[in-house]
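> Here's a structure for you.
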Amino acid sequence: MKEGFRQAMAWLHTWAGLIFGWLLFAIFLTGTLAYFKDEISHWMQPEVPARSLSSEASLALAQHYLEQHAAGASRWLIDLPDAREPGLSVRWQQAPAKPGTRGQFTEKRLDPQTGAEVQGRDTRGGEFFYRFHFQLQMPYPWGRWLSTIAAMVMFVALISGIITHKKIFKDFFTFRPRKGQRSWLDGHNAVGVLVLPFHLMITYSSLVIFMSMVMPASILAAYNGDVEAFYDEVFPASNTPDMAGKPGQLAPLAPLLERASELWSGGRTGSLTVNNSGDANASVILARDGADRVVHDFGSAVTFNGVTGQLLSATPKQAMPMVIAGSFYGLHMGHFAGPVLRWLYFMCGLAGTAMIGTGLVIWLGKRQLKHAKSGVMPFELRLVEVLNIASLSGLMVAVAVFFWANRLLPVAMAGRADWEVNSFFIVWGLSVLHAVVRRGRAAWVEQLALTALLFCALPLLNALTTPYHLGVTLMQGDWAMAGFDLTCLGSGLFFAWTAWKMQRAGQAGIATRPRAKPMLLEQEAH
Amino acid sequence: MFLALLLCYGGFTALCLSMDRHHAELLGRKPSARRRQAMKLSGWLLLALSLWAAVSSTGWGLGLVEWFAVLMLSALLLVWLMTYRPRLALALAGLSLLASPVAVFAKG
């Protein structure tokens, strides 16, 4: 009976893992990259200077700029720079939006030191990976639905995988290299078990984040089918006074930062909203930056009168269920993580990506053994092989090409940001074609070698197309920029090694064993 | 976080050495029953200590997150080193145990 159960779980693990593995690999990889969203954006918009300055000085510059360029606008939004995102951005909405529609905003980026406008090249930056991670480049709400389902399957695959794994503790430290299929399974188990707390946290928290999609029943029942009412209660909007109709002079905003910080016992402000800036009833809402705590902040804000500086309202302290949901949210996104912890997050993400990748390779490897002698693969195995190649190594090529496009497309090109994204998908599509045309191992080796070449050459391309090469960024201590280049170089070397291993194992395989998979795993980096 | 990392790595190495197969791989012979027990006990003790080290420096919220992070990655590091650089794996464990009092002192 017990073995029967374990076998059933093994079956579930095998097939749930296969069907969603390709998608989950892409979700995990882009999610891992999204931990460095701001740093990637910084690299992709090198024109925006990285300068650390006090929030007060930046805010004073932003207010000055908005008073010059957007006086009387119904709403201003100011995003203050922080350590990871050094840009100061302002947006404004000239006339209030009609209810039910999104307002039209004008956005400008300012140099936080001089207050002058900065024109960065048009790009999605790291935001592309972040959005793809849960929207999959599909129209709302289909992408979110699909990724929610993928998260659920991931959870099922994790639990069934734990049950299937007979010797979790006995094999805890086990990894036997150069043993073909055995090594792949050891590697899959090692990254799965050793990083299990991360896998469970990340998968479960994604379900919490999408809870209204996953389990709408309780919300619908309690709020009589009105999901909006639930969100209104969860995220209380600040009440802002109506316009007085009389002109008023907005007081300097910078001193409000100090007062908000006192109310939050030291927390800092992430962004400000100013309503009806030219009116006597102008109001200023300061939203807290959640990066100083693990528990994610669902919109802690304080509201001041913009003219008199009088405190109008403050959101209440988070209730216990919100703290619990907030901690899952916060753990998943890792906004609070400093540089070291952020790298650890990144490595855990890579481990998760590697776990999925090795799983896919094992599925195929096991079944290929049967057909090794005849040398002819049935259609379904060939299909899985093509999809494996395209979704693993093809995706890596596409990521590299996305970065290349950022440097090679003309800065003034119309629809530039879209073409960066297009080139990502075009190359990903081409990798499928390439995998169809070439034989399995040759396709692996060629795509991995191409990835290696593209990543290794990225620092060089950066040096040729911008003045921000490694020599300059390292000297200036611009670690986001330099770190990106160095990480690309490191990933390139890693891919070169995997390509070489793959090539050599292929030759060895012909000579001695029918099918010996090389060691690709550890990290299916970048 | 650094102290927690040192203790985690040392703890996992001790736990690893408390298993016959790994002890034989790394040190060339099977451990005695007493040695096995001692290794197991000290391994768990070191892991518990590392939890204390993480939590005492940054509080429960961030401390637990950091502890899990170093826990997972020190185990990955150990398994990887054991396969390709077994001597280095052991040397690092010894070094991290030697360095951990220094880390306590430097922090205090």
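> With a Förster radius of 60 Å, plug the Cβ-Cβ distance of A:Ile159 and A:Glu117 into 1/(1 + (r/R0)^6) and report the FRET value to the nearest 0.05. Kindly include the intermediate steps, with their values, before the conclusion.
Details: r = 52 Å, r/R0 = 0.87.
FRET efficiency, A:Ile159 to A:Glu117: 0.70.
> Expected output is a single nm value to one decimal: the length gained when fully extending between A:Thr466 and A:Ala244, i.e. 0.36 nm times separation in residues minus the C-alpha distance. What is it?
Length difference between fully extended and current span is 74.9 nm.
> Working from Cα positions, state the angle (0 to 90°, nearest 10) between the long axis of helix B:33-84 and the longest principal axis of chain B.
For helix B:33-84, the angle is close to 10 degrees.
> Treating only the Cβ of Lys, Arg, Asp and Glu as charged (+1, +1, -1, -1), what charge dipole size does the protein assembly as shown show about its Cα centre? Round to the nearest 20 debye. Display every interim value, and only then the final one.
On the way: 54 positive and 39 negative charges, 790 e Å.
Around 3800 debye, computed over the protein assembly as shown.
> Follow-up question, since we're still on this one. When you look at the Cβ of every residue in B:75-85, what mean number of other chain Cβ atoms sits within 10 Å?
So the per-residue partner count for this stretch is 5.
> Which whole number gives the average, over all residues in A:171-181, of C-beta atoms from other chains lying within 10 Å of the residue C-beta?
That works out to 4 on average.
> When only alpha-carbon atoms count, how far does chain B stretch along each of its three principal axes, as whole angstroms with the largest first?
Here the spans come out as 42, 29, 23 Å, largest first.
> Also, I was wondering about something else. Just flag the GluC sites (Glu not before Pro) in the stretch A:166-268 sitting in loop per DSSP whose Cβ has no more than 15 other Cβ atoms within 10 Å. Present the calculation step by step, with values, prior to reporting the outcome.
Numbers: sites: A:Glu228, A:Glu233, A:Glu258, A:Glu262; in loops: none.
Here no loop site has a sparse enough neighbourhood.
> Go through A:274-282, A:435-443 and give me the packing order, highest mean Cβ count within 10 Å leading. Walk me through the intermediate numbers first.
Details: A:274-282: 21.7, A:435-443: 16.7.
Going from most to least packed, we get A:274-282, A:435-443.
> For A:Asp279, enumerate residues with amide H under 5 Å from its amide H, sequence gap 5+ or separate chain, H modeled in the peptide plane.
A:Gly248
> Follow-up question, since we're still on this one. List residues of the stretch A:104-135, by number, whose backbone nitrogen lies under 19 Å from a label position 7 Å along Cα→C-beta of A:Glu258.
Answer for this model: none.
> Okay, next question. Going by the alpha-carbon gyration tensor, a ≥ b ≥ c the square roots of its eigenvalues, is the protein assembly as shown rounded (a/c under 1.5) or, if a/c is not under 1.5, prolate (a/b greater than b/c) versus oblate?
Because a/c hits 1.5 or more and a/b exceeds b/c, the protein assembly as shown counts as prolate.
> Are there DSSP H segments in chain A that both extend 24 Å or more along their axis (alpha-carbon positions) and score a mean Kyte-Doolittle hydropathy of at least 0.5? List them, or say none.
Values: long enough: A:2-34 (41 Å, 0.88); A:142-164 (32 Å, 1.56); A:339-370 (47 Å, 0.77); A:416-437 (31 Å, 0.92); A:440-465 (36 Å, 1.21); A:479-511 (47 Å, 0.53).
Going by DSSP H runs, the hits are A:2-34, A:142-164, A:339-370, A:416-437, A:440-465, A:479-511.
Read-outs throughout are calculated quantities, based only on the coordinates presented, and are distinct from any laboratory measurement. Predicted, not measured: the structure shown is a model, and the values here were computed from it. Glycine also receives a Cβ, built like all others from the backbone with ideal geometry; neighbour counts cover every protein chain displayed.
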